[in-house]
Amino acid sequence: MSTDKLPPNNSNLQDTIDRSPTSDPVEIDRRLALTGLSFAMDTQRSIRRVNPDPVPDYAIRRCIELALEAPTGSNGQNWHFIVVRDSVTKTKLGDQYRRAWKIYGSVGHKLAERTPDQGQLKKILASVEWQIDNFNTIPVLIVCCLSAGHGRVPFIPLPPNANSGHYGSIYPSIQNLLLAARAIGLGASLITLPLWSEIFARKILGLPLTVEPCAIVALGWPKGKYGPKARKSVETVIHTERFGSS
Ligand SMILES: Cc1cc2nc3c(=O)[nH]c(=O)nc-3n(C[C@H](O)[C@H](O)[C@H](O)COP(=O)(O)O)c2cc1C
């Protein structure tokens, strides 16, 4: 297997359609059609710093339509996507994010002091903190939820793998959504910390007990550029036939 990673082969094309805000449905579909799949995958990353300019309904609709192309356990399609633009709701979710970050972020900062490559981690911490401080200026939050009834049976102990089956029914759709956003030129980030208190999240979003909030995708036109991002090399994660054999 070759160990060289080829550069994205349509980068010239992409330079012309990157990141510029548009509300034109034809242009949105053109970007979706023209962006190569591997290019979108190569360059998609968490973009937390976004501009407050509006994101058109059509772009959100296309992202969610493409999210629905993903698989779900038993083809349950037990997903719901709540599109939040209201500043009051965003502020309430942002308050939850800040609360969770007090714990999570303090661990992150301590870790950063001890990590050899401090720069990378510190950059991530700074971008998360920007996002928390500016949460109600983010144009759109999509709260990705699962409804009950597929894979998990209440009050009956199930093997740990049942969790994989359950949450595995929302994350493929979220990845589709992230890639669609990337193709359109939107900055997107997948976040879960604002939902740490499910009780508060339910109250804020008016969720019935049968609907579980799993993750939020925050969307807006990006302030910065896509990529590069740090990833392990493929050799360190591939095993042949049995764990540990290269
Ligand atoms: C399940 C899950 C939960 C995450 N929750 C958060 C979050 O609450 N806040 C945040 O800033 N990023 C969150 N992330 C994003 C990761 O921190 C991010 O994907 C990772 O640092 C890699 O960075 P990249 O997306 O730029 O490649 C989450 C990612 C996943 C997969």
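Of the residues contained in the range 212-220, none is found to be touching a strand residue (DSSP E or B) at 6+ places or on another chain (Cβ under 6 Å), in a loop (DSSP other than H, G, I, E, B) and either modelled with pLDDT under 95 or over 14 Å from residue 90 (Cβ atoms) (or both). Count of the range 37-48 residues, restricted to those that are of a type in the set (A, V, I, L, M), crowded, with 18+ Cβ neighbours inside 10 Å and either assigned to a helix (DSSP H, G or I) or more than 17 Å from the chain's Cα centre (by Cα) (or both), is 1.
Taking the range 16-38 only, how many residues are away from the ligand (no atom under 16 Å from the Cβ) and among the basic types (Lys, Arg)? Adding up the residues that qualify gives 2. Looking only at the range 39-83, which residues are within 16 Å of the ligand (Cβ to nearest atom) and without any contact (Cβ under 8 Å) to a residue 60 or more places away in the chain? Answer for the range 39-83, where residues must be within 16 Å of the ligand (Cβ to nearest atom) and without any contact (Cβ under 8 Å) to a residue 60 or more places away in the chain: just 39. What are the residues in the range 104-124 that are among the β-branched types (Val, Ile, Thr) and away from the ligand (no atom under 12 Å from the Cβ), if any? Result: 107, 115.
Of all the listed residues (233, 197), the sole one being out of contact with any helix residue (DSSP H, G or I) (no Cβ under 7 Å at 6 or more places or on another chain), in contact (Cβ under 8 Å) with a residue 60 or more places away in the chain and more than 12 Å from the ligand (Cβ to nearest atom) is 233.
Looking at the range 49-151, what helices (runs of 4 or more DSSP H) fall wholly within it and have at least 1 residues that are over 24 Å from residue 229 (Cβ atoms) and of a type in the set (A, V, I, L, M)?
Ranges flagged: 57-67, 87-114.
Within the range 109-132, the set of residues being of a type in the set (A, V, I, L, M) and within 21 Å of residue 45 (Cα to Cα) comprises 112, 121, 124, 125, 126, 128, 132.
With respect to residue 67, determine if the residue is of a type in the set (Gly, Ala, Ser), within 19 Å of the chain's Cα centre (by Cα) and at pLDDT below 95. In short, no. Summed over the range 185-202, the residues that are of a type in the set (Phe, Trp, Tyr) and farther than 15 Å from residue 91 by Cβ give a count of 1.
Selection of first residues in the range 91-115 that are free of Cβ contacts under 8 Å to residues at least 60 places away in the same chain and of second residues that are within 13 Å of the ligand (Cβ to nearest atom) and among the basic types (Lys, Arg), restricted to Cβ pairs under 7 Å at least 6 apart or on distinct chains, gives the following pairs, ordered by first then second residue: 112/122.
The values are calculated or read from the model by the stated rules, or taken from the named source; none is laboratory data. Just so it is clear, the structure is predicted and the values come from calculations on it, not from any experiment. Counting neighbours? That spans all protein chains shown, and the Cβs are built from the backbone with ideal geometry, glycine included.
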